[in-house]
Each structure stands twice: as C-alpha cells, then as structure tokens.
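To start, the structure under review is shown below, and the notes come after it.
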Amino acid sequence: MAKSWSFSRLGDFEKCKKYFWLKHEQKVPEPERPLPKGKLEHGNDRGTRIHDNLEGYVRGDHDDLCSEADKHFGVHVDLLRHLHSEGMVELEGEWGMSKDWEIAPWSTAYLRLKLDALIHLSPTEAYVLDYKSGSKFHNEVKHMQQLQLYALVTFLRYPKLETVEVALWYIDGHGITSMVMTRDQALRFRRSFDKRGSDLVNCTDWPASANKFSCQFCMYGPEHSGHCAEGVRKA
C-alpha cells in the first residue's frame, strides 16, 4: 500500500492501477524505449535537460539558456532571473504536506509537490509556475487539475496570501496557460483531492484498466516487457 501521493503518481494510478503497482509499488524498471523516429533524445530526457538548464540559468549558475526556452520564453526567463536576484523567487520547491494538509517534511510527507518557481509579488499575491516541455494539446484537463492543486497547496502554505496566479509555461511555443484564484476558490478543491489521494494510498487491489488507447503506450504490456498479461495487443 502506498504511503504518499503526488500529482504525477495520481495520474498513473487513475490511468491504470496495474501500471501504478508495477511502476511505483513493485518498482519494475520499464524496458528501454526506442528513440522516436528523427529524435535524438527521449521526451523525458529532453524535459529533464530543459528544466535543469532553466533552473541553473534563473539561479545565475550559468549564462547559457537552452535554445528551446530562448526561442519562445527568453524575455520571460530573463525577467524571472532578475526577480530571483532581487530575492523574490523560490526555485525548485519540494513541498511536503501531511494527511491533514499541514506542512510536513518531504521525507515523511503524505502529499509531495514539486514546483519550478514561486514569485512573491507582494505579501498577499504570488505567481506559481511550472515549465512544460511536452504537448499542451490533449492534456488540458490534466494540466488544469495540476494548476488547481498548486493553488490549493500554495494558499495552505502561505496563510497571508489572498490571490495566487498559477501558470504553465509551454516551452515549445504553445504559450502560457494560467488562472488566478482567491483563497476561497482554491480551498474548494481540497475535498476532491483529499478523496483522490486517499483512494490511492488506501488501495489494495491493482486491476489493469486494459484498453487500446492506454495499452499502446504501456511498456509493461504483452508486446513489451510482458509484466501485464491483461494488456490489449495491437490489432
């Protein structure tokens, strides 16, 4: 039984419990994926590279902004770097929350949340952002829920805040998705996330959600590692 949850783990769990069990509970390594045609690196590796570059650039550790970010977000990132130098920005936060939604150490947290940057605009206003190197399209619902969770936890951790803008920066040129919330608006999402997180950590049965859409990308299925015999094969 899982001891903690995060937004990414929640996504794996709600997509397929068997996949979650194999990946997070049994810690079965996924087989190496072939490189997509015409690509020099996998999407996850590319995302890690871009995130690491942005963090170091904004922090002032180096002056070489990666070409992906510079093309569409150079001005934004330069402003973020300036605000960080002024002491207004927290980077790469690792936020832990207890089951009762109180601040908790990361190592023992019930909910773990990572964010790329938090800008303190004033004692009552904040801007929270996450870099996205993947596609905006077909991920709208998932990304909107991520913003809701970010806003909720930000308000809980900073009781003086009155408004929070949460934003996703789509580094590959799909713009910025953002929403502004008041404290009352954000706290309305607490009940829903409380139930979804509880469903995950209290789960003891791990059936596969076998369907052709999910299974075609699952590296545990019968056409890949074979750890999940219930997976749907390609027609």
Could you pull the Rg and Dmax for the range 12-168, using just the Cα atoms, both in Å? 17.5, 50
Using unit Cβ charges (K, R positive; D, E negative) and no other charged atoms, how large, in debye to the nearest 20, is the dipole of the range 1-129 about its Cα centre? 920
What do you reckon, how do 112, 59, 188 stack up by accessible area (1.4 Å probe), largest on top? 188, 59, 112
Take 86, 32, 140, 68 and sort them by solvent-accessible surface of the protein heavy atoms, 1.4 Å probe, largest at the top. 32, 86, 140, 68
Farthest toward the dipole's positive end in the chain, which of 74, 31, 222, given Cβ charges of +1 (Lys, Arg) and -1 (Asp, Glu) about the Cα centre? 222
Tell me, how many Å apart are the Cα centres for the range 10-84 and for the range 86-162? 17
Taking the Cβ of residue 72 as the centre, find all other residues whose Cβ is under 14 Å away and add up their charges (Lys, Arg: +1; Asp, Glu: -1). -1
Name the shape class, rounded, prolate or oblate, that the alpha-carbon gyration tensor gives for the range 112-200, where a ≥ b ≥ c are the square roots of its eigenvalues, rounded holds for a/c under 1.5, and otherwise prolate holds if a/b is larger than b/c and oblate otherwise. oblate
Here the FRET efficiency for residue 230 versus residue 194, based on Cβ atoms and R0 = 25 Å and rounded to 0.05, is 0.25
List the chymotrypsin sites (Phe, Trp or Tyr not before Pro) within the range 44-140 that fall in a DSSP loop (any state other than H, G, I, E or B) and whose Cβ has at most 16 other Cβ atoms within 10 Å. 137
So what does residue 234 come to for accessible area, using a 1.4 Å probe and Å² rounded to 10? 140
What's the angle, to the nearest 10 degrees (0 to 90), between helix 67-85's Cα axis and the longest principal axis of the chain? 50
Where 233, 49, 191 fall by accessible area, highest first, once all protein chains stay in place (1.4 Å): 191, 233, 49
Quote the convex hull volume per residue of the range 1-68, based on C-alpha atoms, as a whole number of Å³. 147
On C-alpha positions alone, give me the angle between the axis of helix 190-201 and the longest principal axis of the chain, in degrees, nearest 10. 40
Can you list the lysines whose alpha carbon sits under 21 Å from that of residue 99, skipping same-chain ones fewer than 8 residues off? 3, 114, 195
Quick one: in the range 98-144, what % of C-alpha pairs are over 14 Å apart? 68
Taking the DSSP beta bridges in the chain as the whole, what percent of them are antiparallel, to the nearest 5? 70
Placing +1 on each Lys and Arg Cβ and -1 on each Asp and Glu Cβ in the range 156-235, then taking the dipole about the Cα centre, the residue among 182, 213, 197 whose Cα reaches farthest towards the positive end is 182
If you place +1 on the Cβ of every Lys and Arg and -1 on the Cβ of every Asp and Glu, how big does the dipole about the Cα centre of the chain come out, in debye to the nearest 20? 1120
Taking the alpha carbon gyration tensor of the range 149-223, what are the square roots of 5 times its eigenvalues, largest first, to the nearest whole Å? 33, 21, 9
In debye to the nearest 20, the charge dipole size for the range 109-170, taken about the Cα centre with +1 at each Lys and Arg Cβ and -1 at each Asp and Glu Cβ, equals 260
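The values are calculated or read from the model by the stated rules, or taken from the named source; none is laboratory data. None of these values were measured; they are calculated from a predicted model. A quick note on method: Cβ atoms are made from the backbone with ideal geometry, for glycine too, and the neighbour counts reach across all protein chains shown. For the accessible areas, the whole protein counts, side chains as well, though only heavy atoms, and no ligand, DNA or RNA atoms are used. Shrake-Rupley method; radii C 1.70, N 1.55, O 1.52, S 1.80 Å.
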